[in-house]
Amino acid sequence: MATPRGLGSLLLLLLLLTSGQENSIEQPRNTCLGRNNIDKYDILNLNDKASCFTKCRPSGSDSCNVENLQRYWLNFEAHLVKEGLTEKVNMTFLKALVQNLSTNTAEDLYFSLKPSQIPRQVMKDEDKPPDRVRLPKSFFRSLPGNRSEVRLAITILDIGSGTLFKGPQLGLGDGSGVLNNHLVGLSVGQMHVTKLAEPLEIVFSHQRPPPNMTLTCVFWDSTKGPTGDWASEGCSTEAAPEGTVCCCDHLTFFALLLRPTLDQSTVHILTRISQAGCGVSMIFLAFTIILYAVLSPGLGHGPGPQQAECDLPARRVAGPCERGLERQEELPPAPQGGAWHLRLSRQRFKSEDAPKIHVALGGSLFLLNLAFLVNVGSGSKGSDAACWARGAVFHYFLLCAFTWMGLEAFHLYLLAVRVFNTYFGHYFLKLSLVGWGLPALMVIGTGSANSYGLYTIRDRENRTSLELCWFREGTAMYTLYITVHGYFLITFLFGMVVLALVAWKIFTLSGATAVKEQGQNWKKVLTILGLSSLLGVTWGLAIFTPLGLSTVYIFALFNSLQGVFICCWFTILYLPSQSTTVSSSTARLDQAHSASQE
């Protein structure tokens, strides 16, 4: 019996060894977590850590530890200045020079910083390179301790387009970033050098930036937040013919940030334009809601989008149009060509869902404008909970406005493009559940992640220009991209596709169903413009804001007046003129009105 027991023990040992090997295979080492070889700087580990510059992105943040990786590269400077290390490092992502310098120098020292080459000292008789660093002759005398020689390390690090060394300021989705993704690191011995009497100079060569962008000299401050951030204290930015000159009074990693230009005066003017436009829009939207209440006492649920079959004479079908709609009744001849026109419009108004959708959109915009005025007027006043609430309310009504614009496009598609077999029971009720309920679910999810808080807009000198309660800076910006930018892009593109289809129908319908008349094109254009205000075309002007500061003003003006445009369109539709018109012209206008409601 001893032999079977020995075989059993041997088999058990083999199973345990095999299980250990399988576990090691199933759990491979993840370099981008930064837990392994955090203090190893051989070529293999440098390449492994450098691969994270492209792997670490917002969508894959779980597989990366940005804090550990950034600390690895920051400590690399201290590693370079140790005695006995190589004097040059030449890799695709890293160029470094380590050199012993005498502190008794009588002249300024210049070093070339061309990104494609290893940094090198520039001799007196050489031309100054476009990318360079200047160490003033007083620099070495200001170093602590009496040293005859110091060890200087200069590095040029290509951080790529990932999340490393970006920080919260560059996660706003506004086109900001590190110029050319290049960082310049300076270190002397094991010393912490700050508050230099004469600052050092770093020159970054570059082409002229876009008119709405500004360049700012910054350094990496690892004490800001859990992962660090860019800061500009102790650094000044000076424009030069060949690029930008950064003058800084300390040593660390430096970079040139490219960010949108919004100085305090510009922010102040844009805020006043937006506040004035929102106030005017609220007045007109209130008038629209009152007009709706006056024109539709006791209004019930309409029959849904199948009514388009009754609006266009060439498309009328007996079936759906007989469901209690008064417009199928025989109307007496119109005295003087249009006496019953207002009565017909009121009957259409009371039976259709289109005006209800217009008013729902107007109501969401009214509340959005009100939330904006309260938010901007309050700023950072109140507690953190109050700021959280203001940010959530503002986000909710913004999503409601986007949703109702999308529902306007959906309704227009059913009535003007699809047309047949589009009857829905409790149609407007279902639209309301989507229009008001979907944004509520998104806000609840966003609020549960604690994404709302104080949002700060800074100018080119990194001074605060405006504070309001919105998405807090940092990781909450990713939620902003999804729930605001992405959501708006989907609804906007859908609306533009529907608007293009309806425009094609409006401009081709007259040739197929009515006699061509002179001077009708402007009415078609007016119809398209009215529909554009319902589908939020003015919000699309935000796409052109990177072209220059003038487009920012245009966007702020026209977008804040969207409520005025909707009110004018609503009034034109449901308070038509009773003036005498020829029969063919009246038929054309009825078709345009039907297309607008569809």
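Each reported figure results from applying straightforward, stated rules to the coordinates on display, with no laboratory input. As the structure is a prediction and not an experimental result, all values here were calculated from the model. Here the Cβ positions follow ideal geometry from the backbone for every residue, glycine too, while neighbour counts run over all protein chains shown.
General remarks:
- Note that the stretch 225-230 has calculated 3J(HN,Hα) couplings of x, x, 10, x, 6, 7 Hz, one per residue in order, obtained from phi through the Karplus relation 6.51 cos²θ - 1.76 cosθ + 1.60 (θ = phi - 60°); glycine and proline are x.
- Distance in nm between pseudo-label sites at residue 222 and residue 48 (7 Å out along the Cβ direction from Cα): 2.0
- Residues in the stretch 106-114 carry Karplus couplings, in order, of 10, 8, 5, 10, 10, 10, 6, 10, 4 Hz; the curve used is 6.51 cos²θ - 1.76 cosθ + 1.60 with θ = phi - 60°, and Gly or Pro positions show x.
- In order along the stretch 479-486, phi translates into HN-Hα couplings of 5, 4, 4, 6, 7, 10, 4, x Hz, rounded to whole numbers, per the Karplus curve 6.51 cos²θ - 1.76 cosθ + 1.60 with θ = phi - 60° and x for Gly and Pro.
- Normalising the Debye intensity of the stretch 349-426 to I(0), with uniform scatterers on Cα atoms only, and taking log10 at q = 0.17, 0.18 Å⁻¹ returns -0.73, -0.77.
- Radius of gyration over Kirkwood radius for the stretch 140-232, both on Cα atoms: the Rg/Rh ratio is 1.01.
- Residue 541 paired with residue 526, simple spin-label distance in nm, labels 7 Å along Cα-to-beta-carbon: 2.2
- Kirkwood radius, the stretch 140-294, all distinct C-alpha pairs, inverse of mean reciprocal distance: 18.8 Å.
- Calculated on the alpha-carbon coordinates, the convex hull of the stretch 81-221 measures out at 139 cubic angstrom per residue.
- With the simple model of a label 7 Å out from the Cα in the direction of the Cβ, residue 295 to residue 383 spans 4.6 nm.
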